Amino acid sequence: MSGSTAGDPTGRGAVAAVWRIESARIVGALARYTGDFALAEDLAQEALAEALVTWPRDGVPHNPAGWLLTVGRRRAIDAFRRRSALDEKYAALAHDLGEGGATSGGGPVDADDVPWDPDQIDDDVLALMFISCHPVLSREARVALTLRVVGGLTSDEIAKACLVPTATAQARITRAKKALGAAGVPFEVPTAEERTKRLNSVLNVIYVIFTEGSTASSGDDLIRFDLAGEAQRLARVLSRLVPDQPEVYGLLALLELTAARFPARTGPDGEPVLLEHQDRRRWDRAAIRRGRAALARAEQVGRGLGAYGLQAAIAECHAVAPSVEETNWERIVLLYEALGRLAPSPVVDLNRAVAVSMARGPAEALPIVDGLAGSDAFAHSHLLPSVRGELLARLGRADEARVEFEHAVRLCGNERERAVLVRKLGDLSASG
């Protein structure tokens, strides 16, 4: 070991940092060697646990990723030994490892070689993404497994991200691995045809992760920066892995352009700042440039924008506008209409109604919102009554607006958003 000094208390921090950066490649390499995705993930977790004990005590190795991979591969050999499977697979693993070195299971470990170029994203990570988002898994399982094997998050972090107890997150991951094993899902990059079929599932998982990060559904914080940032990282990785898919760039553009507004979306105490009150000088101009570049790439690669690309185009309208009043709301209405035809949903219709209210006035938007009143999508959501309350307030129908805002307050799970709704109620009362 030649990293930090023995007994260095920062060893645990080094483990966390290396794991977050290299975990996907480590799991991928172990899966390729063993041919067993579930076993590989378990082996990687065992290596992580050993590092948490060893590195703070003995110091961080000079090649941390190689250390973790070596321990994982040695644990693989132990597993095959326990199964009495001293066959060609064991022999190949043993030969590849070079057993003349240290003993497995707690002996000294030093690894000089890592079987990947640290500057090159390889097919192992791509395989992990598509396996984690396999159609045999539920959406909840896909999110949890992606955060674990591709994002490198711990069970506690995944539980917080998914708003469930840690035991539930662990159970989802365990069931997901069992389901993949039972279905005989091989560790490989899907064929081009299969990849195209399953790409939307991968994109959807990343989008769901970002959505929860950008506006937390519950809790005291409006934005979960860690979660949103992880989704952005996954989208960037995916854009490098499948550079010929326009919707990958569309999603990346959407995430970059949306995250660009994060610095201005909350005030000094974490309270939400509505779009019309945001200081646009605080928007992240570098993120806007990245997002617009990704959107341009989506347009170049594809024959037209997909659902994520259209949402990115809407976000671009906001990003380039000097103010709310100078925003091209008519273009946003047209983009939402196109999105509604391509990917119809009540949420798209509600957002279109908001755009219509800004472009043409609340009276034209209200019938659209009223038409969504019976939608199951908003049965437990504060979004519909909050938008309806806003439109009614702008039309001078204060009593009706008050009823809607009170309903929205009851349904809202995020403390910061609820405070905004309460403040709007107070404004209605103050205005008579």
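The values are calculated or read from the model by the stated rules, or taken from the named source; none is laboratory data. Worth saying up front: this structure is predicted, and the values here are computed from it rather than measured. No Cβ is skipped: glycine too gets one built from the backbone with ideal geometry, and neighbour counts run over all protein chains shown. What goes into the accessible areas is simple: the full protein's heavy atoms, side chains included, and nothing from ligands, DNA or RNA. Shrake-Rupley method; radii C 1.70, N 1.55, O 1.52, S 1.80 Å.
Can you name the residue in the range 166-180 that is open to solvent by 30 Å² or more (accessible area, probe 1.4 Å) and under 19 Å from the mean Cα position of the chain (by Cα) and is also nearest to L145 (Cα to Cα) among such residues? Result: R172.
Summed over the range 136-192, residues that are of a type in the set (S, T, Y), farther than 21 Å from L43 by Cβ and assigned to a helix (DSSP H, G or I) total 2. Note on the range 214-255: residues that are over 21 Å from L339 (Cβ atoms), open to solvent by less than 10 Å² (accessible area, probe 1.4 Å) and without any contact (Cβ under 8 Å) to a residue 40 or more places away in the chain total 1. Here G35 passes the criteria (1) at pLDDT 85 or above; (2) closer than 20 Å to P186 by Cβ except the one numbered (1). Every residue in the range 328-368 that is more than 23 Å from L395 (Cα to Cα), surrounded by 19 or more Cβ atoms within 10 Å (Cβ to Cβ) and not aliphatic (A, V, I, L, M), please. Once the filter is applied, which keeps residues that are more than 23 Å from L395 (Cα to Cα), surrounded by 19 or more Cβ atoms within 10 Å (Cβ to Cβ) and not aliphatic (A, V, I, L, M), the range 328-368 yields only Y336. Scanning the range 382-432 for residues that are in contact with a Pro (Cβ under 8 Å, 6 or more places away or on another chain), under 23 Å from R224 (Cα atoms) and free of Cβ contacts under 8 Å to residues at least 40 places away in the same chain yields A408, L411. Scanning the range 303-320 for residues that are on the phi < 0 side of the Ramachandran plot and open to solvent by 40 Å² or more (accessible area, probe 1.4 Å) yields R303, L305, Q311, V320.
With respect to A79, determine if the residue is under 13 Å from L30 (Cα atoms), modelled with pLDDT under 85 and aliphatic (A, V, I, L, M). Yes: the conditions hold for A79. Taking every residue in the range 168-197 that is closer than 24 Å to L241 by Cβ and pairing it with any residue that is among the charged types (D, E, K, R), at least 6 positions away or on another chain, the pairs with Cβ-Cβ distances below 6 Å are I173/R148; V189/D123. Only a single criterion out of (1) within 30 Å of the chain's Cα centre (by Cα); (2) farther than 25 Å from A307 by Cα is not satisfied by A377, namely (2). Among the residues of the range 366-398, just one is charged (D, E, K, R) and not in a helix (DSSP H, G or I), namely R397. Within the range 53-72, the residues that satisfy the criterion of being over 14 Å from S23 (Cα atoms) and not polar (S, T, N, Q) are V53, W55, P56, R57, D58, G59, V60, P61, H62.
Surrounded by fewer than 17 Cβ atoms within 10 Å (Cβ to Cβ) and in contact with a His (Cβ under 9 Å, 6 or more places away or on another chain): does that describe A183? Show your work before the answer.
Working: surrounded by fewer than 17 Cβ atoms within 10 Å (Cβ to Cβ): yes; in contact with a His (Cβ under 9 Å, 6 or more places away or on another chain): yes.
It is true that A183 is surrounded by fewer than 17 Cβ atoms within 10 Å (Cβ to Cβ) and in contact with a His (Cβ under 9 Å, 6 or more places away or on another chain).
For the structure I just gave you, tell me whether A65 is under 22 Å from L126 (Cα atoms), open to solvent by 20 Å² or more (accessible area, probe 1.4 Å) and modelled with pLDDT of 85 or more. Here the answer is no, as A65 does not meet what is asked. In the range 399-432, the residue that is modelled with the lowest pLDDT out of those that are open to solvent by 50 Å² or more (accessible area, probe 1.4 Å) and part of a loop (DSSP other than H, G, I, E, B) is G432. Every condition in (1) without any contact (Cβ under 8 Å) to a residue 24 or more places away in the chain; (2) part of a loop (DSSP other than H, G, I, E, B); (3) not charged (D, E, K, R) is met by T211 except one, and the failing one is (2). Of the listed requirements (1) over 22 Å from E326 (Cβ atoms); (2) small (G, A, S); (3) over 17 Å from the mean Cα position of the chain (by Cα), A264 misses just one: (1). Filter the range 265-288 for residues that are over 14 Å from I223 (Cβ atoms) and among the acidic types (D, E); which is least open to solvent (accessible area, probe 1.4 Å)? So, considering only residues that are over 14 Å from I223 (Cβ atoms) and among the acidic types (D, E), the one least open to solvent (accessible area, probe 1.4 Å) is D279. What number of residues within the range 229-274 are farther than 17 Å from A312 by Cβ, in contact with a Gly (Cβ under 7 Å, 6 or more places away or on another chain) and modelled with pLDDT of 90 or more? Residues in the range 229-274 being farther than 17 Å from A312 by Cβ, in contact with a Gly (Cβ under 7 Å, 6 or more places away or on another chain) and modelled with pLDDT of 90 or more: 1 in total. For the range 352-362, indicate whether the set of residues that are at pLDDT 95 or above, in contact with an Asp or Glu (Cβ under 7 Å, 6 or more places away or on another chain) and closer than 18 Å to A312 by Cβ is non-empty. Yes, there is a match, as at least one residue in the range 352-362 is at pLDDT 95 or above, in contact with an Asp or Glu (Cβ under 7 Å, 6 or more places away or on another chain) and closer than 18 Å to A312 by Cβ.
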